[in-house]
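The numbers here are math on the coordinates, done by the rules we state, and not lab data. Predicted model only: the values in this text are computed from it and were never measured. Ideal geometry is used to build each Cβ from the backbone, glycine not excepted, and the neighbour counts take in all protein chains shown.
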Amino acid sequence: MLRGTNHTGLPAISVPCGFTATGLPAGLQLISRACDEATVLSAAHAYEVNTPWRQKIAPVEAGGPARADTESTRDDGDTARDHRSRSLPRIQEGQAMKHRSGWWIALTRRQDVAIANAAKQVNDRQLEPRRLPMRSVFASLAMVLALATAAGAAEPVKIGVILPFTGGSSIASSEIWNGITLALEEANGAGGVLGRKIELVKEDDESVPTKGVTAAQKLITRDKVVALLGTYNSAVALPASDVARKAKIPMVTGGSTAVSVTKANTPGDPWFFRHFPGSDAQGTQSAQDVVVRLKKKRLAVLYENTAYGKDLEKTFREVTTKAGAMIVSSETYNHGDTDFYTPLTKLKSLAPDGVYIAGLIAEGAAILRQASELGLKTQFIGSGGLMSDKLTELAGPAAEGFAISTMYEPSTNNAVGAEFGKRFAKRFGVAANTHSALGYDALRVLVDALQRARSTEGLAIRNALMATKDFQAVQGPPGTKVVFDEIGGAHFKIGLSVVKDGKRVLLPYE
Amino acid sequence: MSSLDYFLQLAVNGVVTGGVYALVALGLTLIFGVLGIINFAHGEFYMLGAYLGLVLVMRLGAPFFVALPLAMAGMALGGIVAERLVFRRLRRTDPTQSILSAFGLAIALQTAALQIFGPQPAVIRTAFGATPVAFAGVHLTLQRLLIPFLAAALVLLFHLLVRRTWMGLSLRAVAQNPATASLMGIDVNAVAAATFAIGTALAAGAGVLMGSVFLMQPTMGSMVVLKSFTVVILGGMGNVYGAVGAGVLLGITESLTAGFLTNDFKDILAFLVVVLVLLLRPAGLFGQQVERQSL
């Protein structure tokens, strides 16, 4: 039949229409008038929708590996076999008839045993992805290797770390990584966890959401990590945490602040945890500090056009207007922008008392520098993302007087935090900051949960994380303990620092 | 701040960025005009120029006005090497091959810069950067004020090179018709090398100028090359003077849009204008419709 349509050039389509007496799949070919593809396609579609054949699998015994055969019996062989014995119309090969609509309906025997086997294998793959021949070879190799190493020492507990090691957020990322590294060294120095060493597997997300998703998938499926730590940009953490949620692997933030990420958790069943206050609390605190402590009433906002910036802007606007201040301008910029002369010129013409920057270090430093170049004199207040010595270094004298919400300063009166600050400075030769502190706490909070879970199983770790109660954070005011709420967020008081003589000075907690 | 001051400040901001767009686009359009290559690695030459300037000023302590020509010369050599290694052997092949190779080169250079200089932003600090200048209500640093003047000087230098020298003449001849030019005894390979050297040097110059005002990062070339490509289209493909005019115009338009509307519209507007120009004046804002040559 194929040859006939090939020669005539008439539109034709073949659809499955049952099985022959020997159990081989049979096809039905529909042929239409020339140039009448639409009819042939809709007829074929109607036929497929109204018949069960396209979902059935040929019940073939011949050929194929023995193991696959037993599986097919379990999965779908029964139904297919039933169909053959019960309901199959005994179709004769080459049978043709004229339908009343004027269509020629021809039955052809299309497939031989080999094709039927291929179709079945394709089906098996869809149902049981692990049974792919190549994969099973690798799996057994991995088994052999695992057995070989198990004989030597206990396998390390693998934790995946996703951070933007390159790109616009690389500064913060390297600071967080240092905090994590210190926590790792201390934990392994104290004997690791569950009698095993902790091993970190690093992945770079470059601040790109799709790369974050790939990183999470790779860490979970290939590296078989027991938990994830990451990432910094909320816009990346949001889709990456979704991977963790689906795989039921607990994930602790590596700095992402936007509440949208914890809000994506099902209340009571969180898989993504943020061990410090989210953007709503940070935005609220900064907004109150600006109006109440710094006494600024005419305010403007410059915010990054991302989940992080938008969440902060919204909260800041709500809280300040409620507290009696006025927002005279709110402008957005893109992550990676370098020229802020124009928005700053606009601000200069509006002359606000205070300008809130909801964004990250590189852009924040550029804004401060260019504002001073333009002669814009106002009180700048930054979100937690601007917290870094690198900012004061890049902005230079322009950073003087800059106020920033902070969850950690080495000068903190939180005793645990101050001790951490000393050890950090000794290990890395630079002062700790909010980023290194949150990285340090992130890994420690995970290790603490692993310890209590007494298992590396995802659900056990998750439940232990939810039960966290005696964890002493280095961040926050003295005696801060991390307790997660039902969507995986934590709460404590956020401080305010002001840059004086090139150094941040923490104002006392109120 | 009066509204006139505001307008002036925005216009001056626009001229500063526009000057840089013009320089980068000038090189891009020159390479296209003479050799028919769309060099997507041009933004990376700009980025490498900025980093070369950084090394010269910050590490070796060279004065800014020494570092600028040195960085340009260094990158001119780089451009010649790129032409010799990547583009020369693809000259007679399908244009898509040289576009793809240019993308490859861009990725390679960006990754190399990432490895060498690291991902953290950096800035060239100069004495001019800290000197504020104010006139007619417009505030600038001396460094920023220098940009349009230095850009204008480089464009003038380029003009003299193309119009008054033997090399410029052969450049124009190859742009007009490579086959005839080579029949007249012009070494097309030498012209290709010179074209890349000039184009790359201009990009590097722009990079050094921008690197002294803004923070530089290995990824800084990607957006600039898109913007410059916009400028090249606006000015008319291969039209060097069109590119200069369109560059400054784009800078000012962006600045005014962001100032009087919002910052979000800045990039939308630029690309919208490109679509309109392509629809209404396919030869560019300053271009003349050229009659198709009869064979």
To the nearest 10 degrees, how steep is helix B:166-176 against the longest Cα principal axis of chain B, on a 0 to 90 scale? 70
Cut-off under 5 Å, modelled amide H: who pairs with A:Val328 long-range: A:Leu299, A:Ala300
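What dipole magnitude, in Debye to the nearest 20, does the protein assembly as shown give about its Cα centre under +1 on Lys/Arg Cβ and -1 on Asp/Glu Cβ? Intermediate values should be presented prior to the final figure.
Numbers: 75 positive and 60 negative charges, 168 e Å.
It comes to approximately 800 debye.
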Sketch the reach of a paramagnetic label on B:Ala73 as a point 7 Å from Cα along Cα-to-Cβ, and name the residues of the range B:197-213 whose backbone nitrogen lies under 20 Å away. B:197-209
Environment charge of A:Ser169, counting only residues whose C-beta is closer than 10 Å and scoring Lys/Arg +1, Asp/Glu -1: -2
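Fewest Cβ neighbours within 10 Å first, please rank B:Val24, A:Val193 accordingly. Don't skip to the end; give the middle numbers.
Working: B:Val24 32, A:Val193 23.
Taking fewest neighbouring Cβ atoms as first place, the list is A:Val193, B:Val24.
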Kindly provide the trypsin sites (Lys or Arg not before Pro) of the range A:328-420 that DSSP labels as loop, not H, G, I, E or B, and whose Cβ sees at most 13 other Cβ atoms within 10 Å. A:Lys377
Would you be so kind as to identify which of A:Pro16, B:Ala153, B:Leu249 lies farthest towards the positive end of the dipole of the protein assembly as shown, taking Lys and Arg as +1 and Asp and Glu as -1 on Cβ and the Cα centre as origin? A:Pro16
GNM, chain B, Cα, under 10 Å: largest mean-square fluctuation among B:Leu68, B:Leu30, B:Leu60? B:Leu60
So what's the gap between the Cα centers of the range B:97-123 and the range A:173-189, to the nearest angstrom? 30
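Please report the equivalent ellipsoid semi-axes of the protein assembly as shown, computed as sqrt(5 x eigenvalue) of the Cα gyration tensor, largest first, in whole Å.
Details: eigenvalues 568, 396, 131 Å².
Taking √(5λ) for each Cα gyration eigenvalue gives 53, 44, 26 Å.
Dipole of the range B:204-295, Cα-centred, from +1 at each Lys and Arg C-beta and -1 at each Asp and Glu C-beta, to the nearest 20 debye?
Numbers: 4 positive and 4 negative charges, 28 e Å.
In total the dipole reaches around 140 debye.
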Helix B:240-260 axis, angle to chain B major axis (alpha carbon atoms, nearest 10°): 30
Can you tell me what share of the DSSP beta bridges in the protein assembly as shown is antiparallel? A percent to the nearest 5 is fine. 50
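With a ≥ b ≥ c the root eigenvalues of the C-alpha gyration tensor of the range B:182-295, is it rounded (a/c under 1.5), prolate (a/b larger than b/c) or oblate? Mind dumping the intermediate values first?
Numbers: a/c = 2.96, a/b = 1.29, b/c = 2.29.
Cα axes put the range B:182-295 in the oblate bin.
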What angle, in degrees between 0 and 90 and rounded to the nearest 10, separates the Cα long axis of helix B:95-117 from the longest principal axis of the Cα atoms of chain B? 40
Taking the Cα centre as origin and putting +1 on Lys and Arg beta-carbons and -1 on Asp and Glu beta-carbons, what dipole magnitude results for chain B, to the nearest 20 debye? 540
Once amide hydrogens are built 1.01 Å from N within the peptide plane, the residues lying 5 or more places from A:Leu229 or on another chain with amide H under 5 Å from its amide H are A:Gly160, A:Val161, A:Ile162, A:Val252
The pairs in A:Lys263/A:Lys297; A:Lys197/A:Lys224; A:Lys314/A:Lys500; A:Lys296/A:Lys348 lying past 27 Å Cα-Cα in this model are A:Lys263/A:Lys297; A:Lys314/A:Lys500
In the range A:237-337, the trypsin sites (Lys or Arg not before Pro) that sit in a DSSP loop and have at most 16 other Cβ atoms within 10 Å of their own Cβ are A:Lys248, A:Lys295, A:Lys297
Whole-Hz ³J(HN,Hα) from phi, Karplus 6.51 cos²θ - 1.76 cosθ + 1.60, for the range A:39-52, glycine and proline x: 5, 5, 5, 5, 5, 5, 5, 4, 5, 5, 5, 8, 10, x
Between the residues B:Leu183, B:Gln97, B:Ala73, the Cα farthest towards the positive end of the dipole of the range B:24-218, that dipole coming from +1 and -1 charges on the beta-carbon of Lys, Arg, Asp and Glu, is from B:Leu183
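Output needed for the range A:395-493: three equivalent-ellipsoid semi-axes, defined as square roots of 5 times the C-alpha gyration tensor eigenvalues, in descending order, whole Å.
Numbers: eigenvalues 169, 46, 29 Å².
For the range A:395-493, the ellipsoid semi-axes come out as 29, 15, 12 Å.
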Using modelled amide H (1.01 Å from N, peptide plane; none on Pro or chain starts), what sits under 5 Å from the amide H of A:Phe471, excluding residues fewer than 5 places away? A:Val482
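Kindly provide the chymotrypsin sites (Phe, Trp or Tyr not before Pro) of the range A:429-510 that DSSP labels as loop, not H, G, I, E or B, and whose Cβ sees at most 15 other Cβ atoms within 10 Å.
Values: sites: A:Tyr440, A:Phe471, A:Phe484, A:Phe492, A:Tyr509; in loops: A:Phe484, A:Phe492, A:Tyr509.
For chymotrypsin sites (Phe, Trp or Tyr not before Pro) across the range A:429-510 that sit outside H, G, I, E and B with at most 15 neighbouring Cβ atoms in 10 Å, the list reads A:Tyr509.
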Rounded to whole Hz and in sequence order, give me ³J(HN,Hα) for the range A:484-489 from the Karplus expression 6.51 cos²θ - 1.76 cosθ + 1.60, θ = phi - 60°, writing x for Gly and Pro. 8, 7, 6, 10, x, x
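Among rounded, prolate and oblate, which fits the range A:442-499 when a ≥ b ≥ c are the square roots of the eigenvalues of its C-alpha gyration tensor, a/c under 1.5 means rounded, and a/b larger than b/c means prolate? Working shown, then result.
Numbers: a/c = 2.79, a/b = 2.26, b/c = 1.24.
Prolate, because a/c is 1.5 or more and a/b exceeds b/c.
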Gaussian network model of chain B, springs between alpha carbon atoms under 10 Å - residue of B:Asn263, B:Asn39, B:Asn13 with greatest fluctuation: B:Asn263
Hey, which lysines would be in cross-link range of A:Lys218, C-alpha to C-alpha under 16 Å, not counting anything within fewer than 8 residues on its own chain? A:Lys158, A:Lys202, A:Lys246, A:Lys248
Expressed in nm², what is the orientationally averaged projection area of the convex hull enclosing the Cα positions of the range B:24-218? 12.0
Net charge near A:Val505, counting Lys/Arg +1 and Asp/Glu -1 over other residues with Cβ under 15 Å of its Cβ? -1
Could you check which residue among B:Ile147, B:Ile38, B:Ile268 shows the biggest mean-square fluctuation in a GNM of chain B with a 10 Å Cα cutoff? B:Ile268
Around A:Phe428: net Lys/Arg minus Asp/Glu count, Cβ-Cβ under 13 Å: +1
Please work out the C-alpha center-to-center distance from the range A:229-265 to the range A:483-510 and express it in whole Å. 22
Cβ-based exposure ranking for A:Tyr356, B:Tyr6, A:Tyr303, in which fewest neighbours within 10 Å come first: B:Tyr6, A:Tyr303, A:Tyr356
Cα-based reach from B:Lys266 at 18 Å (exclusive), listing lysines while leaving out same-chain residues under 8 positions away: A:Lys346, B:Lys227
Over what distance in Å are the Cα centres of the range A:302-333 and the range A:408-470 separated? 31
